[in-house]
Amino acid sequence: MEILDSNSLEMSKGKTCIICDKEKSMGIHLYTSFICVECEKEINSTQTSDEKYKYFVEKLSRVKNPPLYS
């Protein structure tokens, strides 16, 4: 997992969050996917009994492990 900040803004320019589908400059990389800071915070604060939890699970199911080459 890679945490991006303002120092790596240029590197993350044009990244689209897999949760909100918006371009953001700050967030984390989870395997080959990008999650913005706002969505990460919302995911962390959502209770499993909340309807939005199912939405996050569906969106996060798009995250795939990168292939391993040997």
With a 19 Å threshold on alpha-carbon distance, the violating pairs from Lys22/Lys59; Lys15/Lys41; Lys24/Lys59; Lys41/Lys64 are Lys41/Lys64
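Could you tell me the calculated FRET efficiency between Tyr69 and Leu30, based on Cβ-Cβ distance and R0 = 25 angstrom, to the nearest 0.05?
For Tyr69 and Leu30, the calculated efficiency is 0.80.
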Sort 51-59, 14-22 by the packing proxy (mean of other Cβ within 10 Å over each peptide's residues), most packed first. 14-22, 51-59
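Values in this text are rule-based calculations from the coordinates and carry no lab data. Fair warning: this is a prediction, and the values are worked out from it, not measured in the lab. Neighbour counts are summed over all protein chains in view; Cβ atoms, including those assigned to glycine, are modelled from backbone coordinates with ideal geometry.
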